[in-house]
Amino acid sequence: MLESGNVGPTGERLPDPDLLLLSYTGCFTFMKWFELLREKYDCPVVMLHVPYQGDGVVTVPMRKYVVDQLRDKVIPVLEQVSGRSYDEDLLRAMLARSAKAEDDLVHVLQAARNRPSPIDAYFGGVYYIGPIFTAFRGTEEAVGYYEALRAEVDERVRLGKGPVTPDGEIPEERYRVVVEGPPNWTSFREFWRMFAEEGAVVVASSYTKVGGVYDLGFRHDPDHPLETLADYCMGCYTNLNLPSRVDMLVRYVEEYQADGLLINSVKSCNSFSAGQLMILREVEKRTGRPGGFIESDLVDPRYFSAANIKNRLESWFQMIDQRRRTA
Amino acid sequence: MSLPYWVGIDLGSTTTKAVLLDGDGRVIGRGITNSRSNYDVACQVALAEGLADARLARLARELGEPEGEEEHSERMQRISLALRHRQFLDNLEALHEVLLRLCAEKGLDDGWRDAVGGILAAMERESAALFVPGAERKSDFFRDLAGSMYMRLAEATAEERGLPYEQVLGLYDKGILEVENRTPSDETFRRNLVRAAETGGFDAEMSDAARRAAGLELVQAGSVGTGYGRARLPFPRKQIRSEILCHGLGAHAMFPGTRTVLDIGGQDTKAIQVDGAGIVTSFQMNDRCAAGCGRYLGYIADEMNLGLHELGPLASKSRKCVKINSTCTVFAGAELRERLSLGERREDILAGLHRAIILRAMSLLARSGGIEEEFTFTGGVARNPAAVEALQKLVAENYGDRTLNISPSSIYTGALGAALFALRDKDAVVEAA
């Protein structure tokens with residue numbers, strides 16, 4: 001897209017950026033991406049360094065470190081590029097709207113505790129986090145979107161309906177799955193179909209928490225605008241240490257009454273993939289439910305082998321069947 | 001007399017296997033064939049081979065002899081080889097017809113027809129030696145046996161008659177596809193069985209027993225398919241099982257103490273943990289790259305101009321294992337040639353290649369949860385002595401003392417598991433009723 005002159009899938013041209021702002025939370029590959037983008041666009045770049053939650057907690061000095069960067073490095077450049085001065089009241093208003101949207105998002109994601117689950121919290125879930133995670137955070141549009149989504153999902157719960165997929169509704173929920181790891185964007189629909197055809201519904205996923213773990217209680221706080229931005233960055237899923245990730249996944253398997261944890265281990269994101277086998281074993285041990293492991297990639301289509309992934313998925317689903325029969 | 005059977009078919013990327021069980025879960029026959037590029041045919045051929053094997057076992061029982069092929073008496077060996085030879089000749093005849101037709105289609109003159117006729121007549125004469133007790137065959141598949149004979153004879157014939165060798169070979173390459181896609185019938189085998197017993201210089205007891213074995217009505221009561229090509233099997237979806245589960249259950253049936261299974265097949269390597277009932281508790285397998293799987297050995301065998309069966313024994317003669325860095329099939333080919341050019345001995349390089357494969361398998365085993373007592377090795381590569389030696393060594397180094405089970409029929413593990421699932425489905429139906 002970049003090379004074709006920034007023409008998006010809708011045929012419209014996206015404007016060149018005036019500024020590149022990166023917080024490292026998601027994945028450190030981004031640093032390389034932004035170095036390349038800087039060359040391409042020749043515009044100012046601000047990199048916000050976010051300390052990793054190595055000990056599983058955000059400490060006061062960690063928060064101060066990020067807030068100082070926001071105040072001393074990020075805001076001045078933003079003011080310079082935009083020609084407008086920092087308006088904290090405006091930020092507070094946006095954070096308040098963001099928190100409202102976050103409430104509704106959590107309600108939607110937790111609707112997956114129902115049987116059948118009205119949503120797929122991975123393949124469907126990435127659409128639900130889209131507006132918050134990408135362009136519309138803190139806007140009225142985002143608030144409206146989540147209100148509408150919440151109403152729609154509540155209605156599906158009332159009707160006892162399962163999730164909608166691109167190929168239609170899933171007629172019967174046969175497996176409830178928790179997924180760890182990003183989806184395969186390059187074969188997204190084919191990948192989703194492998195689950196839907198088996199009646200497998202993802203009831204919770206970690207990928208939908210890379211833009212914030214709101215379901216574990218975090219909300220943007222308008223009363224502490226810079227501190228809350230710092231906490232947000234440090235609390236994103238991939239910034240959590242391995243024991244915290246294990247705790248979260250165990251909680252998902254249990255609270256969402258899942259048949260087990262499935263890991264999609266991708267080659268191109270170490271923030272996700274390092275330690276995943278340990279995570280699998282720990283979650284298996286603590287929940288007593290079988291874990292599944294598949295390998296692909298989020299961006300490189302060469303790593304997606306449909307036959308191999310289908311083989312492993314089918315084996316895992318049949319393993320769950322066998323367990324049920326002997327239980 | 002009629003005997004119901006349950007069949008499991010394991011459609012692998014290299015070979016297709018069938019295992020037939022009776023109602024008590026006893027193996028009554030096994031069949032194997034190369035998978036070709038036609039899965040439907042491979043499936044039918046493996047089943048036909050399984051039925052033939054079941055009839056031979058029945059014959060042994062009628063004669064009051066042990067049923068296993070390994071324990072066959074001299075007369076059972078003779079009749080079984082005579083039948084194999086008969087089957088070979090039937091295929092040869094079919095090949096002859098196809099080649100003559102191809103000559104006509106291409107407008108080739110009588111010189112060509114004579115040349116082809118001469119080659120096939122020589123093949124027919126030579127073939128007898130392949131089917132005598134103790135004869136060594138590089139492969140049991142018609143494609144391989146006939147292929148190597150044809151290649152050798154075609155070279156001489158082409159030179160003698162001044163024909164282009166490549167073109168004479170080309171005829172075979174085209175013709176063999178058609179021949180191997182014909183499906184053998186159980187009917188033909190039954191006829192051949194009676195004929196072999198009556199004309200092979202056997203006594204009346206053998207003829208009577210052969211007639212009874214041929215007269216047995218084998219009726220398929222259930223089937224389950226598995227393996228790499230399982231989606232292509234002509235079975236309904238509910239009769240298709242994951243190969244992981246089939247290998248786990250098959251290994252458990254062969255060795256009930258099994259807790260860890262390693263399967264190295266043509267296209268993938270699987271490390272499987274099972275519980276005391278043969279139920280899979282965890283598994284790991286290679287990702288999309290088939291590096292270090294059976295195909296890798298096949299490729300190396302081709303590079304070295306050896307039969308796949310010859311690789312292991314040759315590697316076992318090694319006195320110094322060369323370190324091979326890559327299990328990537330493409331890089332290994334390059335590394336192999338480089339080592340040869342540096343003057344390394346073939347057996348030492350091969351020993352290194354086998355170790356490289358097993359190292360990769362060890363990493364999958366570790367990922368699946370390690371090696372528990374007892375450890376069962378299955379799949380085509382388990383028949384390779386050099387792979388087994390490398391495995392034993394690495395298991396001892398990393399896990400200490402472990403019982404390593406390898407069944408002589410390990411290649412049938414997946415098919416056996418599938419057949420057991422077919423039989424269980426029968427029980428499920430009965431229970432439900």
B:MET304 away from chain A (no Cβ under 14 Å), among the hydrophobic types (A, V, I, L, M, F, W, C) and closer than 25 Å to A:ASP297 by Cα: no
Residue within the stretch A:74-95 that is surrounded by 15 or more Cβ atoms within 10 Å (Cβ to Cβ) and within 20 Å of the chain's Cα centre (by Cα) present: yes
Candidate set: the stretch B:203-259, residues that are more than 14 Å from every other protein chain (Cβ to nearest Cβ) and part of a strand (DSSP E or B); chosen: the one surrounded by the most Cβ atoms within 10 Å (Cβ to Cβ): B:SER223
The stretch A:182-213, residues that are among the β-branched types (Val, Ile, Thr) and crowded, with 24+ Cβ neighbours inside 10 Å: A:VAL201, A:VAL202, A:VAL203, A:THR208
Top-ranked residue of the stretch B:145-166 - restricted to ones that are in contact (Cβ under 8 Å) with a residue 40 or more places away in the chain and surrounded by 14 or more Cβ atoms within 10 Å (Cβ to Cβ), ranked as farthest from B:PRO313 (Cα to Cα): B:LEU163
Residue that is surrounded by the fewest Cβ atoms within 10 Å (Cβ to Cβ) [pool: residues in the stretch A:241-264 that are over 14 Å from A:SER205 (Cβ atoms) and touching a Ser or Thr at 6+ places or on another chain (Cβ under 9 Å)]: A:GLU254
Residue match in the stretch B:176-187 (condition: more than 25 Å from the chain's Cα centre (by Cα) and away from every other protein chain (no Cβ under 14 Å)): no
In the stretch B:264-277, residue modelled with the lowest pLDDT [restricted to those that are in contact with a helix residue (DSSP H, G or I) (Cβ under 8 Å, 6 or more places away or on another chain) and under 18 Å from A:GLY292 (Cα atoms)]: B:ASP268
Subset tally (residues that are in contact (Cβ under 8 Å) with a residue 60 or more places away in the chain and either in a loop (DSSP other than H, G, I, E, B) or farther than 30 Å from A:GLU172 by Cβ (or both)) for the stretch A:196-205: 1
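If the requirement is being assigned to a loop (DSSP other than H, G, I, E, B) and either within 20 Å of the chain's Cα centre (by Cα) or without any contact (Cβ under 8 Å) to a residue 12 or more places away in the chain (or both), which of these qualifies: B:GLU65, B:GLU70, B:GLU97?
Values: B:GLU70 fails: assigned to a loop (DSSP other than H, G, I, E, B); B:GLU97 fails: assigned to a loop (DSSP other than H, G, I, E, B).
Only one candidate qualifies: B:GLU65.
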Entirely in the stretch A:232-327, the helices (runs of 4 or more DSSP H) that have 3 or more residues that are within 13 Å of chain B (Cβ to nearest Cβ) and more than 18 Å from the chain's Cα centre (by Cα): A:276-287, A:306-326
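The values are calculated or read from the model by the stated rules, or taken from the named source; none is laboratory data. This one's a predicted model, so the numbers in the text were calculated from it and none came from an experiment. No Cβ is skipped: glycine too gets one built from the backbone with ideal geometry, and neighbour counts run over all protein chains shown.
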